[in-house]
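First up is the structure itself, then whatever we jot down about it.
The values are calculated or read from the model by the stated rules, or taken from the named source; none is laboratory data. Values in this document were obtained by computation on a predicted structure and should not be read as measured data. In this analysis, Cβ positions are derived from the backbone assuming ideal geometry, glycine residues included, and neighbour counts consider all displayed protein chains.
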Amino acid sequence: MELDIRKQKILNAIIQNYQETGEPVGSRTIAKYLDLKISAATIRNEMADLEELGLIIQPHTSAGRIPTDKGYRLYVDQLMQKESHLPANPRNDEVLIQRVDRVEELLMQMAKILAANTNYATMVTGPRYEKNKLRFIQLSPMEKGKLLAVVVLGGNIVRNNILDIGEDISPEDVLQLNLLLNKNLTGLCMEEINLGIISRMKEEAGAYSEVVSKVLDSVAESLSQEEVSIYTSGAPNIFKYPELSGGDKASELISTLEEKKSLGTIMSGDGDNKHEIQVYIGDEVPVESMKDCSVVTANYELENGVQGKIGIIGPKRMDYQKVVSTLQDTMSRLDDIFKNEE
């Protein structure tokens, strides 16, 4: 849809004012906001045209106008200044870029920081790692007949498994097994751990060949695990927006965020390109309790192609420019973190 410059400015002004106040916007407000050399009557005529196009509506008789989902969509796709980035926040940068040993901790920190920066709810998926590579294995003795197997994957993804080996094993033998496992498996993905490698390792392990088999089962489970964790933060921010906090809306939305079951339909949606940002408005959101919301998602990528998604949930009058800029900024900082760790 192509709008002339005047209609673009008026639609933009309605959206900007409604984002700030949550109140319908009238022609006099638009005239003051834009300082156009036209009368309020002319602005009303332009607003009537925008209403005919389905871009704004009048919620009550004699009230001003508010944007429709279609109006927001046109704004996001055509009018929003997408090149603008937010200035860095040194305090939050320090929290985000401090080294963490587990990528899950980094993602939980990121969800909290995004919720604080935007005043919306946030969600972050743990990384998908179906074809990830093994970085390190650490076996440690536990109580009699048990070993703790710590499997570290690309992106500092850590999986802990307790192995019941049914026999005691000396610290010296555990050390030798660690050397054997890491010498043969480090840097491999599941498809590369072939029968030849397995046979050679079991032969070198001698009496502990069955222990090697159990460790390999643990590695296979870690590398092929498909369940993706979703971390959420900022759910109470929903109560800041009257259109989301009335009636049962807030409780249903918060339940959705807490239960997380239906969030996967958003967080596993289309758009797998690195850093690609998707904006879902109103009925475009594939979760029933979020039809009064907008959701903005971005793809992140850690080392070796390990990917996941970040999402920000707010009212349809959310500050899209700020949200998109915040996500772009976060993607750049994540890149810096993992480049520095390589």
* Asked: For residues in the range 1-38 being crowded, with 16+ Cβ neighbours inside 10 Å and among the hydroxyl-bearing types (Ser, Thr, Tyr), which is farthest from the chain's Cα centre (by Cα)?
  -> Ser27
* To do: Just name the residue that is modelled with the lowest pLDDT out of those in the range 109-125 that are of a type outside the set (S, T, N, Q) and closer than 14 Å to Leu334 by Cβ.
  => Met110
* Asked: Across the range 147-174, what is the total count of residues that are within 37 Å of the chain's Cα centre (by Cα) and modelled with pLDDT of 80 or more?
  -> 14
* Taking only pairs six or more apart or across chains, which ones have beta-carbon atoms under 7 Å, a first residue in the range 135-155 that is in contact (Cβ under 8 Å) with a residue 24 or more places away in the chain and over 11 Å from Ser218 (Cα atoms), and a second residue that is in a strand (DSSP E or B) and basic (Lys, Arg)? -> Leu153/Arg135; Gly154/Arg135
* Asked: Just checking, how many residues over the range 121-142 are more than 30 Å from Glu258 (Cβ to Cβ) and surrounded by 14 or more Cβ atoms within 10 Å (Cβ to Cβ)?
  -> 9
* With the checklist (1) modelled with pLDDT under 95; (2) under 32 Å from the mean Cα position of the chain (by Cα); (3) not aromatic (Phe, Trp, Tyr) in hand, flag the one item Gly54 doesn't pass. => (1)
* Asked: In the list Gly145, Gly166, Gly154, which residue meets the criterion of being buried (at least 21 other Cβ atoms within 10 Å of the Cβ) and not assigned by TED's automatic domain parsing to the domain that holds Phe239?
  -> Gly154
* Structure fact -> Among the residues of the range 193-221, the number that are assigned to a helix (DSSP H, G or I), farther than 17 Å from Gln138 by Cβ and touching a strand residue (DSSP E or B) at 6+ places or on another chain (Cβ under 9 Å) is 0
* Might you let me know whether the range 55-69 holds any residue that is assigned to a helix (DSSP H, G or I) and without any contact (Cβ under 8 Å) to a residue 60 or more places away in the chain? => no
* **Filter pass, Leu50 being on the phi < 0 side of the Ramachandran plot and in contact with a Leu (Cβ under 8 Å, 6 or more places away or on another chain)** => yes
